[in-house]
Amino acid sequence: MAVDSEWFCVELPNGSPAPGTDGARLPNKEAAAGLARRLAPETGQPLTVVKYSRKEVRTFQRSISVAEADVVSTVPPPA
């Protein structure tokens, strides 16, 4: 099952989260822009609204081959 998502953050020019946001993931750009407008007077630095997206491309899992299976435990002991 693919888990794709996107979110917005407010960041400083160096890419770190803006003070007071704790790296909050915001659901849309309007919410992020509103937060940036409220924080801009306090920070004294330019704030950037950044869109992140996560796209699951492929999932891998371990498979057990017949050679690795514990066949001995399934065979009844000799009589």
| Kirkwood hydrodynamic radius of region 7-67, Cα pairs, Å | 13.5
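Quote to one decimal, in nm, the extra length available between residue 43 and residue 22 on full extension: 0.36 nm per residue of separation minus the C-alpha distance between them.
Values: separation 21, 0.36 × 21 = 7.56 nm, distance 1.40 nm.
Stretched out fully, the residue 43 to residue 22 stretch lengthens by 6.2 nm.
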| task | Mind grabbing the accessible area of residue 6 for me, 1.4 Å probe, Å², rounded to tens? | result | 100
| request: Report the accessible area of residue 53, computed with a 1.4 Å probe over the heavy atoms of all protein chains in place, in Å² rounded to the nearest 10. | output: 90
| Assuming R0 = 30 Å, what is the FRET efficiency of residue 30 and residue 55, from their Cβ-Cβ distance, to the nearest 0.05? | 0.85
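Which whole-number percent gives the relative contact order of region 1-60, counting Cα pairs below 8 Å spaced six or more residues apart?
Working: 88 pairs, mean separation 29.5, N = 60.
Computed over region 1-60, the figure is 49 percent.
The values are calculated or read from the model by the stated rules, or taken from the named source; none is laboratory data. All values derive from a computational prediction rather than experimental measurement. Neighbour counts run over all protein chains shown; Cβ positions are idealised from the backbone, glycine included. What goes into the accessible areas is simple: the full protein's heavy atoms, side chains included, and nothing from ligands, DNA or RNA. Shrake-Rupley method; radii C 1.70, N 1.55, O 1.52, S 1.80 Å.
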